[in-house]
Amino acid sequence: MANGLGALRQRLSQPLRTPGLLAAADRLLLSGRSVAGPRDAPHHVLLAPAGGGNIGDQALVEAFIENVDGRVSVVCRRPADYSIDDERVRVVPLLSLVYGDLVGHVRDVRAFRTLLRTATSFSVVGADVMDGGYGYRASANRANLARRVAEIGIDARILGFSWNGSPHPVALRAVRAAARRGVDTIVRDPRSAARARADGIEPVVDGADIVFLARRTDPETAAAWADRVTGPLTLVNFSGLVPSDGGLEPYVDVVRTLRERGHGVLLVPHVSRPGADDLPICAAVADLFADDPDVVLVDRLLSPAAIRGLTSRARLTVTGRMHLAVMSLMHGVPAVTVATQGKVEGLMDLVGSPGLCVPSDRIVADLARITADTADAAEDRSHAITAHLDEVRALAGRNLARLPNAARTVTSG
């Protein structure tokens, strides 16, 4: 009964969730006069992605905080979505700012307006949530908020994002309008940039994923896991979001291929939340190697710093999650990566390694084979990746143009 009433409320509220209606409310509630206030010290308002059980989302938010000077207000859905151990940071849950109907949106815009009264910048974490691939309303709402903030005179940007070949038209219109009204639109790979320009988004800033700027590692936690296996370390992630037509067998083949080469395998979940949980599939594969002490399941989500500690020790990574690939590549570690939504191919172009991509419809045919080839040539692949990293970090730095920077680190709480 309760579920039925909830579904009915959702249907009835659909007309009150249209991005155009919410943008009209933004225009009424956000004006230069309404956000006037003292701006005598840096205060960055950061609109975070969903978070809550996603190491990649946490890494994106931490990378921004780590590289800017001044206070940071992290706007998210719920209080538990992010935990940041930094006295400069305040987590501000405003669920309906991006995801709500008109009534909730108006309430949360008023709270957002209070933040803007001392804000010197507003940044939207773009990542893979701007083109409508995971919901066009939220994509458009993010872009529309950035546009309105820019219109009232506050520095506004959409941090490094991917752009697929078939964006939702509502999301496209919103991002195109934001760019034209002064929002910095930083695209994180060359293929996304070409698609965005072809779709009429101008100006576009060629950039890279902001996580390439993250510096902190947690070597103690990393060692506690890495030391459980012997041989060259390979990190393996199987995404709960990417189905395999072959069931578990293609993933078992990957682990078997690595073990035949003497690699120690850590099975590492990267996302654990309803609907997109890596832990069950990683655990299922681990169970099939229960008698092999050099195949070990990491049975919980680690912090981004701990993941970077692991990638700094790894010979190879195999992953269905893009940010595990990013945090491997940043250390020159080849990352065989399952490609979805057109975002991985561009990442690999940046590091001169397109052969590390495995299309999601080629998992059965290619994942184990490309893993084997990469393991056999890991040193050469690493040299090729490392040769591109200075340029990639420079591109990632464009996310923070004009913002006061800081040489500091942050930790997950």
Which listed residue is more than 19 Å from residue 320 (Cα to Cα), out of contact with any Ser or Thr (no Cβ under 8 Å at 6 or more places or on another chain) and not in a helix (DSSP H, G or I), from 230, 217 | 230
Neighbours by Cβ (under 6 Å, 6+ apart or cross-chain): first from region 363-381, more than 14 Å from residue 315 (Cβ to Cβ); second surrounded by fewer than 22 Cβ atoms within 10 Å (Cβ to Cβ) | 363/244; 363/250; 364/245; 364/246; 364/250; 367/250; 368/253; 368/257
For region 357-364, indicate whether the set of residues that are under 26 Å from residue 206 (Cα atoms), part of a helix (DSSP H, G or I), out of contact with any Pro (no Cβ under 6 Å at 6 or more places or on another chain) and modelled with pLDDT of 95 or more is non-empty.
-> no
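Here's the yes/no breakdown for (1) farther than 21 Å from residue 139 by Cβ; (2) under 19 Å from the mean Cα position of the chain (by Cα):
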| site | (1), (2) |
| --- | --- |
| 58 | no, yes |
| 69 | yes, no |
| 72 | yes, yes |
| 75 | no, yes |
| 85 | yes, no |
| 90 | yes, no |
| 95 | no, yes |
| 99 | no, yes |
| 113 | yes, no |
Return yes when residue 72 is free of Cβ contacts under 8 Å to residues at least 60 places away in the same chain and buried (at least 22 other Cβ atoms within 10 Å of the Cβ) and no when it is not.
-> yes
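Give me a count of the residues in region 31-68 that are of a type outside the set (Val, Ile, Thr) and within 13 Å of residue 119 (Cα to Cα). Reasoning before the result, please.
Quick first cut of region 31-68, residues of a type outside the set (Val, Ile, Thr) only: 31-34, 36-44, 46-54, 56-60, 62-64, 66-67.
Within this subset, residues satisfying the condition of being within 13 Å of residue 119 (Cα to Cα) are 32, 34, 36-44, 46-47.
So the count comes out to 13.
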Check off (1) modelled with pLDDT of 95 or more; (2) surrounded by 18 or more Cβ atoms within 10 Å (Cβ to Cβ); (3) farther than 18 Å from residue 365 by Cβ; (4) not hydroxyl-bearing (Ser, Thr, Tyr) for residue 240 and give me the number that stays unchecked.
-> (1)
Pairs with Cβ under 9 Å, 6+ apart, first in region 2-23 and among the charged types (D, E, K, R), second modelled with pLDDT of 70 or more | 17/99; 17/100; 17/101; 17/102; 17/105; 17/137
Hey, residue 289 of a type in the set (Phe, Trp, Tyr), more than 30 Å from residue 86 (Cα to Cα) and more than 27 Å from the chain's Cα centre (by Cα) or not | yes
Would you point out which residue out of 347, 324 is crowded, with 20+ Cβ neighbours inside 10 Å, within 15 Å of the chain's Cα centre (by Cα), closer than 17 Å to residue 222 by Cβ and in contact (Cβ under 8 Å) with a residue 40 or more places away in the chain?
-> 324
Could you check how many residues of region 15-49 are in a loop (DSSP other than H, G, I, E, B), in contact with an Asp or Glu (Cβ under 6 Å, 6 or more places away or on another chain) and either of a type in the set (A, V, I, L, M, F, W, C) or buried (at least 20 other Cβ atoms within 10 Å of the Cβ) (or both)?
-> 1
For residues that are within 15 Å of the chain's Cα centre (by Cα) and charged (D, E, K, R), scanning just region 116-141, find the one that is farthest from residue 398 (Cα to Cα).
-> 131
Looking at this structure, is residue 309 part of a helix (DSSP H, G or I) and either free of Cβ contacts under 8 Å to residues at least 12 places away in the same chain or not aromatic (Phe, Trp, Tyr) (or both)?
-> yes
Go through the residues of region 138-161 one by one and say whether even a single one is aromatic (Phe, Trp, Tyr), surrounded by 24 or more Cβ atoms within 10 Å (Cβ to Cβ) and part of a loop (DSSP other than H, G, I, E, B).
-> no
Boolean, residue 314 is crowded, with 17+ Cβ neighbours inside 10 Å, more than 23 Å from residue 380 (Cβ to Cβ) and among the small types (Gly, Ala, Ser) = no
Could you list all residues from region 94-112 that are of a type outside the set (Gly, Ala, Ser) and crowded, with 18+ Cβ neighbours inside 10 Å?
-> 94, 97, 98, 101, 105, 108, 109, 112
The number of residues in region 173-214 that are in a loop (DSSP other than H, G, I, E, B) and either without any contact (Cβ under 8 Å) to a residue 40 or more places away in the chain or not aliphatic (A, V, I, L, M) (or both) is 12
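Condition check: outside the structural domain of residue 405 (by TED's automatic domain parsing), assigned to a strand (DSSP E or B) and surrounded by 16 or more Cβ atoms within 10 Å (Cβ to Cβ). Does residue 265 satisfy that? Before you say what the answer is, go through the steps one by one.
Details: outside the structural domain of residue 405 (by TED's automatic domain parsing): yes; assigned to a strand (DSSP E or B): yes; surrounded by 16 or more Cβ atoms within 10 Å (Cβ to Cβ): yes.
For residue 265, the condition - outside the structural domain of residue 405 (by TED's automatic domain parsing), assigned to a strand (DSSP E or B) and surrounded by 16 or more Cβ atoms within 10 Å (Cβ to Cβ) - is met.
The values are calculated or read from the model by the stated rules, or taken from the named source; none is laboratory data. For clarity, every value in this text was computed on a predicted model and none was experimentally measured. Backbone-built Cβ (ideal geometry, glycine too); neighbour counts: all protein chains shown.
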